[in-house]
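Have a look at the structure below before the remarks.
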Amino acid sequence: MNENWEKWKKRTTELDREDPLREFRDLFSIKDKSLIYFDGNSLGMLPLESEKTAARLIGEEWGERLIRGWNENWWEMPARTGEKLAGIIGAEKSEVIICDSTSVNLYKLASAALRMRPGRRKIVSDDINFPSDLYIIQGIIDYRGEGHMLELAHSQDGISVSYKELAELIDNDTALVVLTYVSFRSAYMYDMNEITDLAHSNGALVIWDLCHAAGAVPVELNRCNADMAVGCTYKYLNGGPGSPAFMYVRKELQKEAVSPVWGWLGEKDPFEFSLQYRPAMGIRHYLTGSPNILSLCTLEPSLDIFQKAGMDRIRTKSIKMTGLMLDLYYEYLEVLGFRLGTPADSDQRGSHISFKHTEAFRICKALLDPDQGDHLIIPDFRPPDNIRFGLAPLYNTFSEIFIAVCEIERIVKERIFLNYDSTVDKVT
Ligand SMILES: *Cc1c(COP(=O)(O)O)cnc(C)c1O
C-alpha cells in the first residue's frame, strides 16, 4: 500500500467515526463481516426487525390466528405502508398505496392518464429509461390501437438527457411524459420540478418512476406538483425480494384517473360482493387483488428505519459517499482505462456510481470471487460495460468504498480479471 492509500484509509476511518448515521448499520443483518455489499440499489439488505416481524407473522398471525389475521392486521397493510412511505417521497398519506409490481402499476397509471387526455397522441420518454417502462407503454399503445406514439428523447452521452431534448418533443399533442427520476444505469437525476412544469405548460401529465430514487434521494412529489408516480420497494427501501411496488396519484386527480384493472380490492365495499363494480374513493381504487402480506410485513420495519433516519441525513451521507468514490476514481482508476458512467455533479446524481470499462464484466466477476482478496465485493454489471456500485447510506461505510477501489485497482493493474471467463449468469 502506498503512502496515499494510507492517507485515504485514515480519512475514511475518520468519516465513519463522525458519521451521524453510523448506528443504523447495526439494524441490518450482516453475518459475513468480509462482505462488502454495493447492490442495495437492486436488492436492499435485510433489516433485523423484518426478520423478527416475518417470523411472528408466519408463526403467530398465520399459524395461529389464521383468517382472523385479516381484520387484526393484514387488511390495512397496503394503505398503512403507503402512509409510511408518503413522508419519504414528499406526498400526503392519502396519495400513496403499496401493491403489485412497478410494471403493473405503471400500466394502470399510464392507461388512466391517456384516458384523461383524449385526442392527444404522443407519449414522451427517453432512451436511458428502464426497458420495462418502455415495454409497458408499447404494450398499452398496441392494445388500445388508437394511434398513440412513443417518442424518446435521445441521450447524447448515454448518461443524461437535457431539458432541451425533452422540450423539443413535448408539445400540445403530448398526453403523457413517463420518466425515471434517477436513471438505473447512470444515476442521472432529473430536475423534477422543471420537467413537471414543462409537461404541465403543454397540458401533458407526468408519471415519475422512482425505483432508484425512493430511499436514496429526497423526493418532493407534492412540492413539484407531480401527477403520478410508481416505484419499487425492494431496492433502497429494503422490502425484500419481490416486495410489492408503490404508486402515487395526486389527490386532485384521484377521481378522474381510472384504473383499467377493476379488481375487488379497488371496489367500494369488497365484502358486499356487489355484482356491479363501484370504484373505491381515493387511493384504494388502484388496488386490484389480495395484497402480498408476507412482503408487506418485511417492508414495514424498513420504512420505520427510514422515518427515523430522515431523508435529509441520508442524502447528505449519500453525496459524501458518491463524492468520495469519484475522488478515488480520479486518483486511481481513470488511468486504468475506466470512464465515468455517472454525472460528475452531485446535484444531478442519485446514490449509485457507474464505472465503464471494456473489461467491466470480468472485473465484476473477480470482485465477486470469494477467493480473491480479503473481501468479497458485490456490485453489479449492466451491459454493455457498466459496473454499478449502489451506495446505501443506512448500512454502507466510507471504509468499504476505499477498500473496494483498492481492490478494483489491484484486479486491473495486476490483470487478475484475465483469469475469468465471460459467461453471463441469468441475474447480473
Ligand atoms: C427495478 C426497476 C423496475 C422494475 O420494476 P418491477 O417491480 O420489477 O416491475 C422498473 N423501473 C425501474 C426504473 C427500475 O429500476
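The values are calculated or read from the model by the stated rules, or taken from the named source; none is laboratory data. Please read all numbers here as calculations on a predicted model, not as lab measurements. For neighbour counting, all protein chains shown are included, and Cβ atoms are generated from backbone atoms with ideal geometry for every residue, glycine included. Calculation scope for accessible area: heavy atoms of the full protein, side chains included, ligands and nucleic acids excluded. Shrake-Rupley method; radii C 1.70, N 1.55, O 1.52, S 1.80 Å.
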Inset, instruction - Mind telling me which of the residues Pro270, Pro260, Pro241 ends up being under 30 Å from Phe381 (Cβ atoms) and open to solvent by 10 Å² or more (accessible area, probe 1.4 Å)? - result: Pro241
Inset, instruction - For Leu294, indicate whether it is open to solvent by 20 Å² or more (accessible area, probe 1.4 Å), in contact (Cβ under 8 Å) with a residue 40 or more places away in the chain, out of contact with any His (no Cβ under 8 Å at 6 or more places or on another chain) and among the hydrophobic types (A, V, I, L, M, F, W, C). - result: yes
Inset, instruction - Enumerate the pairs (first residue in region 232-256 and among the acidic types (Asp, Glu); second residue anywhere and more than 9 Å from the ligand (Cβ to nearest atom)) with beta-carbon separation below 9 Å, excluding pairs fewer than 6 apart on the same chain, so at least 6 apart or on different chains. - result: Glu256/Ala112; Glu256/Arg115; Glu256/Met116
Inset, instruction - Of the numbered conditions (1) acidic (Asp, Glu); (2) buried (at least 16 other Cβ atoms within 10 Å of the Cβ); (3) assigned to a helix (DSSP H, G or I), Glu14 fails exactly one; give the number of that condition. - result: (2)
Inset, instruction - Kindly list, by first and then second residue, each pair from a residue in region 173-188 that is open to solvent by less than 10 Å² (accessible area, probe 1.4 Å) and outside any loop (DSSP other than H, G, I, E, B) to a residue that is of a type in the set (S, T, N, Q) and within 12 Å of the ligand (Cβ to nearest atom), limited to pairs with Cβ atoms under 7 Å and residues at least 6 apart or on different chains. - result: Val178/Ser125; Leu179/Ser125; Leu179/Asn129
Inset, instruction - All but one of (1) within 16 Å of the ligand (Cβ to nearest atom); (2) of a type in the set (A, V, I, L, M, F, W, C); (3) surrounded by fewer than 18 Cβ atoms within 10 Å (Cβ to Cβ) hold for Leu253, so report the exception by its number. - result: (1)
Inset, instruction - Could you pull out every one of the strands (runs of 3 or more DSSP E) wholly within region 299-398 that has 1 or more residues that are out of contact with any His (no Cβ under 6 Å at 6 or more places or on another chain) and modelled with pLDDT of 95 or more? - result: 352-356, 376-378, 386-390
Legend entry - Tabulated pairs, region 330-352, first over 23 Å from Tyr163 (Cβ atoms), second open to solvent by 40 Å² or more (accessible area, probe 1.4 Å) and at pLDDT below 95, C-beta under 8 angstrom, 6+ apart or interchain: Glu331/Asn4
Inset, instruction - Go through region 32-58 and give me each residue that's in a loop (DSSP other than H, G, I, E, B), open to solvent by 40 Å² or more (accessible area, probe 1.4 Å) and closer than 22 Å to Ser243 by Cα. - result: Leu43, Leu46
Legend entry - Complete set of residues in region 73-92 that are aromatic (Phe, Trp, Tyr) and in a loop (DSSP other than H, G, I, E, B): Trp75
Inset, instruction - Looking for whichever is surrounded by fewer than 17 Cβ atoms within 10 Å (Cβ to Cβ) and away from the ligand (no atom under 16 Å from the Cβ) here; the options are Glu61, Glu95, Glu3, Glu83. Which one fits? - result: Glu3
